[in-house]
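Worksheet: the structure to be examined is printed underneath.
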Number of protein chains: 2
Amino acid sequence: MRTTDEPTTALFRALMHPTRLAILDLLRHGEQCVCHLEAHLGKRQAYISQQLMVLREVGLVDDQRDGLNVYYRVINPQVFALIDTARAMLGVAVDTDQADGSQGNCPCPRCSPVTEIVLVS
Amino acid sequence: MRTTDEPTTALFRALMHPTRLAILDLLRHGEQCVCHLEAHLGKRQAYISQQLMVLREVGLVDDQRDGLNVYYRVINPQVFALIDTARAMLGVAVDTDQADGSQGNCPCPRCSPVTEIVLVS
DNA sequence: CCAGTATATTCCATCTTTTGAATATGGCAA
DNA sequence: TTGCCATATTCAAAAGATGGAATATACTGG
């Protein structure tokens, strides 16, 4: 229908998706670049980007460019309370960390500071 | 996808709908019969029933028969906190009452106790 | 300017949700 | 049983979401 609806439904609509929920979980401890999310979620970049677009459109996240990388962050941390309440209702343990098992080697400067480029002669 | 997803997404999926949200709002002050919801929401009975089915399937509401009428109630009131948090995030006023303007004349015994059947000779 | 890297967007086939319409069920009273 | 009332379920068409593939954009370095 999508007519005079409350924006509330749009919010829940955005939270209705496993990957988007996983992305938000990865943003709990501060902003992350797309490559970071990509590495940790094990999904294609374009796909992650699509989901980020949805989160952006409902005003849940904000992006900020830093050189080649784009860093995303949650605008209103209350959304975490929302997710936690939902999980609590269902008896799901609130996993404070990683959304999935994949270790994720994010190559961005913030994740991997230049240290291994020592190349001894 | 719908595979190994968290039940959390199912919860949000159920809350993603304006009519379902309105039904939950009507159940804030205790259980209500279907005709009550029908009267207040101004939607067809079958439609209301469909939405109630969705809410039932995710374990948000419970029903109980009393004669001809079926009364629905919210199982876990925490869901109201969830909705309120969402609305607060969006700056939407938490309307404690009626979901829409329609006055709603519910004919069920609890709403309209037998008083007008006096029929003087 | 050109190439390369990080991210974004568009397009599209497929699957799911939405909602109207018709129909079914369950209970009550006569 | 019959008829009626309240509610539930099923079906199907239209609308919307999902996720893959290709492509576009933005920035950096040479």
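The values are calculated or read from the model by the stated rules, or taken from the named source; none is laboratory data. Note that the structure is predicted; figures quoted are calculated from it, not measured. Glycine also receives a Cβ, built like all others from the backbone with ideal geometry; neighbour counts cover every protein chain displayed.
Just a few scattered comments:
- Selected residue (criterion: nearest to the other protein chains (Cβ to nearest Cβ)) from residues of region B:1-50 that are under 11 Å from the mean Cα position of the chain (by Cα) and among the polar types (S, T, N, Q): B:T19
Residue-wise test of (1) touching a strand residue (DSSP E or B) at 6+ places or on another chain (Cβ under 7 Å); (2) at pLDDT below 95; (3) part of a helix (DSSP H, G or I).
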{"residue": "B:Q51", "(1), (2), (3)": "no, no, yes"}
{"residue": "B:L55", "(1), (2), (3)": "yes, no, yes"}
{"residue": "B:D62", "(1), (2), (3)": "yes, no, no"}
{"residue": "B:Y72", "(1), (2), (3)": "yes, no, no"}
{"residue": "B:D95", "(1), (2), (3)": "no, yes, no"}
{"residue": "B:D100", "(1), (2), (3)": "no, yes, no"}
{"residue": "B:E116", "(1), (2), (3)": "no, yes, no"}
{"residue": "B:L119", "(1), (2), (3)": "no, yes, no"}
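- Filter pass, A:A88 being within 12 Å of chain B (Cβ to nearest Cβ), under 20 Å from B:R20 (Cβ atoms) and either surrounded by fewer than 20 Cβ atoms within 10 Å (Cβ to Cβ) or small (G, A, S) (or both): no
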